[in-house]
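Right, one structure below, let's go through it.
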Amino acid sequence: MKRAAVCFGGKSALEILRVVGTGGLVAPKGKGRVLPDRVPHAAELRALVEEVEAACPGLRLERPVHVVARSVANCRGTQLAKPRACTRPLSGGSLLRLGDHVLVCSPGLAFVQMAAREKDRISLLELGWELCGSYRGPRSSSQLAYQVDPLVTVRALRAYAARTCA
């Protein structure tokens, strides 16, 4: 039986990236650059979330986790997951591989996803500052911390947003 794949997006992606960092993750090649066709069923997703948390010391994903797939047909939000569909083609560097069946949206893509739903421009600016700054707070993590590496540079975030939202 083929194992389900998952892609964490939005705030869940940022929570993972804050613990793991972006340095050790690589952009997948070939078919790995494509989002999963569907969101895993509840039992599959629960197992994948537990696997990711066990593999990343200090990580505890806030529930519901944000997951992205090419289709979320017949998939509703639950206490475990907030599914989101992404039907647009993704540019290189949009996804990062965390494990065999686990993808994480890049900081740029997570920012664009969150910006699409954020109505308050001040909150969006604060998120951008947090991603490019040396601290983490409530917009990108469940734990406040200082003296952390930025997830992305202003130049890279601007370039990604321009390329993706054009």
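A compact table of results
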item	result
Filtered residues of segment 146-165 (kept if exposed (fewer than 11 other Cβ atoms within 10 Å of the Cβ) and either more than 14 Å from Tyr135 (Cβ to Cβ) or of a type in the set (Val, Ile, Thr) (or both))	Arg155, Ala162, Cys165
Among (1) out of contact with any helix residue (DSSP H, G or I) (no Cβ under 6 Å at 6 or more places or on another chain); (2) free of Cβ contacts under 8 Å to residues at least 60 places away in the same chain - the single one Cys56 does not satisfy	(1)
Which numbered condition Pro64 misses (of (1) without any contact (Cβ under 8 Å) to a residue 40 or more places away in the chain; (2) under 18 Å from Ala116 (Cα atoms); (3) within 14 Å of the chain's Cα centre (by Cα))	(2)
Residues that are in a loop (DSSP other than H, G, I, E, B), surrounded by fewer than 18 Cβ atoms within 10 Å (Cβ to Cβ) and at pLDDT 90 or above, drawn from segment 63-117	Arg63, Pro64, Arg70, Gln79, Leu80
Matching option when the condition is without any contact (Cβ under 8 Å) to a residue 24 or more places away in the chain, of a type outside the set (Phe, Trp, Tyr) and touching a Gly at 6+ places or on another chain (Cβ under 9 Å), among Pro150, Pro89, Pro138	Pro150
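The values are calculated or read from the model by the stated rules, or taken from the named source; none is laboratory data. If you're wondering where the values come from, they're calculated on a predicted model, not measured in any experiment. Cβ: placed from backbone, ideal geometry, glycine included. Neighbour counts: every protein chain shown.
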